[in-house]
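Only one structure is covered here, and it is reproduced in the block below.
The values are calculated or read from the model by the stated rules, or taken from the named source; none is laboratory data. Only a predicted model underlies this, so the values are computations on that prediction, with no experimental measurement involved. Heads up, the Cβs are rebuilt from the backbone with ideal geometry, glycines too, and the neighbour counts pull from every protein chain shown.
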Amino acid sequence: MKDIKIIFMGTPEFAVPIFKSLAEKYNIVAVVTQPDKKVGRKQILTPSPIKKISAEYNIPILQPVKIKNEYKEILDYQPDRIVTCAYGQILPEEILNFPKYKCINVHASLLPKLRGGAPIQHAIMDGYDKTGITIMYMDKKMDSGDIISQKETKITKEDNLKTLHDRLSEIGKDLLLETLPNIINGKINPIKQKEEDVTYGYNITKEDEKIDFNKTNIEVNNKIRALNPIPGAYTTLNGKRLKVYKARISDRYYNNTKVGTIVGFEKDGICVVTGTKEIILTEIALEGKKRCLVKDYLNGIDKKELLGVVLE
């Protein structure tokens, strides 16, 4: 397999295990990743996780700002195969049509469900009971190519973005290594996606991060889980942003009480009214403060001042 020249295209932490497993068995001639970005309050220019790890393998790194206009250097490597995983830009047809063994993508959903850039978040947020990894051929439409292989995993009530992200990354690594030899040897039967079954997992916006307490307590909890640890679902407490990282649902129901109202406390949580039953917030970060358990936060305040306050 070392005689087949592969270019790997990826950017975030999710792609790292997949890249490493590929680099240990195949001839990766170049890595394509997003340009370094300014991160944090000090706006420090930071390389992507894939750039960091690929440097350890002494593999050439390409970082086109706009790949649709900057693809010549990629093609100069004469790749037989291009493997992408959460790269972050749409590939032009000049790249898609070049490799002998085509371009394939490792996508974190069971396509045609959850096409788009945030399938893991939406799988939890939208209440899916399972998701998985799809290895697919790429075409000019987003995540719409023929399916080569898939593997699923259940989404548990305890899963959050990190646990599901890490599990899917490992599944993607294993599935890619299982699938590549079959592609090269022609032992596959690609399946066209059914357009009538398509759903989308678009990139998360600031509006998506905000908690809507008009939703059911299950839906609110799904959003909290889907955005934990990054970027964190949020609401507003007395004019300050309050991020919520963990909660649990309750069977208590309140008639004629405005949604978002703080109605009580438990040893480890703040009880809040939703569109149906109650939700209990158990891990938070108030604006300007570090993330903490609610039980620790409550120890330092007068709880009576919070009763009846509405989270908005």
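Scanning for something among the hydroxyl-bearing types (Ser, Thr, Tyr), assigned by TED's automatic domain parsing to the domain that holds residue 183, within 28 Å of residue 78 (Cα to Cα) and over 19 Å from the mean Cα position of the chain (by Cα), does region 124-138 turn up at least one residue?
yes
So that you can scan it fast, the table gives a plain yes or no per residue for (1) more than 20 Å from residue 91 (Cβ to Cβ); (2) acidic (Asp, Glu):
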site: 56; (1), (2): yes, yes
site: 70; (1), (2): no, yes
site: 74; (1), (2): no, no
site: 77; (1), (2): no, no
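Can you tell me which of 285, 247 is without any contact (Cβ under 8 Å) to a residue 40 or more places away in the chain and either under 21 Å from residue 206 (Cβ atoms) or in the same structural domain as residue 125 (by TED's automatic domain parsing) (or both)?
247
Is it true that residue 131 is modelled with pLDDT of 95 or more, over 26 Å from residue 99 (Cβ atoms) and not in a loop (DSSP other than H, G, I, E, B)?
yes
Quick check on my filter: what residues within region 171-216 are surrounded by 13 or more Cβ atoms within 10 Å (Cβ to Cβ), within 16 Å of the chain's Cα centre (by Cα) and in a loop (DSSP other than H, G, I, E, B)?
199, 201, 202, 204
Mind checking which residues of region 225-241 are in contact (Cβ under 8 Å) with a residue 60 or more places away in the chain and over 16 Å from residue 273 (Cα atoms)? Give the derivation first.
Going through region 225-241, the residues in contact (Cβ under 8 Å) with a residue 60 or more places away in the chain turn out to be 225-230, 235-238.
Listed by number, the residues that qualify are 225, 226, 227, 228, 229, 230, 238.
Given the structure, is residue 301 among the hydrophobic types (A, V, I, L, M, F, W, C), more than 22 Å from residue 126 (Cβ to Cβ), outside any helix (DSSP H, G or I) and free of Cβ contacts under 8 Å to residues at least 12 places away in the same chain?
Working: among the hydrophobic types (A, V, I, L, M, F, W, C): yes; more than 22 Å from residue 126 (Cβ to Cβ): yes; outside any helix (DSSP H, G or I): yes; free of Cβ contacts under 8 Å to residues at least 12 places away in the same chain: yes.
Taking the combined requirement at face value, the residue satisfies it.
So, residue 29, is that one farther than 26 Å from residue 101 by Cβ, in contact with a Pro (Cβ under 7 Å, 6 or more places away or on another chain) and assigned by TED's automatic domain parsing to the domain that holds residue 177 or not? Walk me through it before giving the result.
Numbers: farther than 26 Å from residue 101 by Cβ: no; in contact with a Pro (Cβ under 7 Å, 6 or more places away or on another chain): yes; assigned by TED's automatic domain parsing to the domain that holds residue 177: yes.
Judged against the criteria, residue 29 is not a match.
Please give the number of the condition residue 234 fails out of (1) in contact with a strand residue (DSSP E or B) (Cβ under 6 Å, 6 or more places away or on another chain); (2) more than 30 Å from residue 102 (Cβ to Cβ); (3) assigned to a loop (DSSP other than H, G, I, E, B).
(3)
Can you tell me how many residues in region 97-120 are more than 24 Å from the chain's Cα centre (by Cα) and either touching a residue at least 12 places away in the same chain (Cβ under 8 Å) or not assigned by TED's automatic domain parsing to the domain that holds residue 22 (or both)?
So the count comes out to 5.
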